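Every number in this text was worked out from the coordinates using simple rules, so none of it is lab data. A quick note: this is a predicted structure, and the numbers were derived from the prediction, not measured. Heads up, the Cβs are rebuilt from the backbone with ideal geometry, glycines too, and the neighbour counts pull from every protein chain shown.
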Amino acid sequence: MALLPILQYPDPRLYTVATQVRVVDDDIRRLINDMSDTMYAAPGVGLAATQVDDHRRVIIIDISETRDQLQVFVNPVVVAASGTATCEEGCLSVPGIFDKVARAERISVRALNAQGESFTLGADGLLAVCIQHEMDHLEGKVFVDYLSRLKQQRILAKLKKQKRQIM
Ligand code: K1U
Ligand code: ZN
């Protein structure tokens, strides 16, 4: 079991654009295993490689109540999107902050699985939100970037205060 440190907003490394995975090999599968240990321990319902300072296009998600339905997306691409839905989001890189973000209501995503096989998945509800949130991380985008400047300033102040209290 390997728990990886999760980058905390506003760490500049969260703004890195991830690169395509050329081959899904044992090295990528090790990353997926370490990311899943980290996500389940946090606990979270998703994690992007960016958040553990690995800038390859890998995201994982498990929105199941039983926490045993891991979904792996390597090189994910949204191939169709429709509607708009606003949902409250959180992020392991922005602890204790939750706010509403508008995203596509339904998406169809194409990706490779942990065996390197291509698949296409239709998603709505929390799964669609999570996939879009994690794919944003691969583009160097954090959900607070969608919020107003004023909210961003308040979040930064709150996180600074939290950090001071921990030290
Ligand atoms: O990207 C991340 O840091 C993961 C993030 C995913 C996410 C959650 C909700 C809306 C959009 C994206 C989280 O997992 S935050 C933690 C969380 O929401 C949660 C944790 C445990 C159980 C249920 C939810
Ligand atoms: Zn996040």
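For the range 82-167, applying the loop criterion from DSSP together with a ceiling of 12 other beta carbons within 10 Å to the GluC sites (Glu not before Pro) yields E117. Our coupling estimate for the range 105-122, obtained by passing each phi through the Karplus curve with A = 6.51, B = -1.76, C = 1.60 and θ = phi - 60°, is 6, 10, 9, 10, 10, 10, 7, 9, 8, 5, 9, x, 8, 7, 8, 10, 10, x Hz, Gly and Pro reported as x. For the chain, the longest principal axis of the Cα atoms and the long axis of helix 26-41 meet at an angle of about 40 degrees. Taking Cβ atoms as reference points and 10 Å as the exclusive limit, the residues near H133 contribute a net charge of -1, counting Lys and Arg as +1 and Asp and Glu as -1. Mean separation of Cα pairs under 8 Å and 6 or more residues apart, divided by the residue count, gives the chain a relative contact order of 23 percent. Its residues counted as N, the range 1-143 yields a C-alpha radius of gyration over 2.2 N^0.38 Å of 0.96.
Count Lys and Arg as plus one, Asp and Glu as minus one, and take only other residues whose Cβ is under 14 Å from that of T120; the net charge is then +1.
On a 0 to 90 degree scale, rounded to 10, what angle separates helix 149-166 from the longest Cα axis of the chain? On a 0 to 90 degree scale, this one is about 80.
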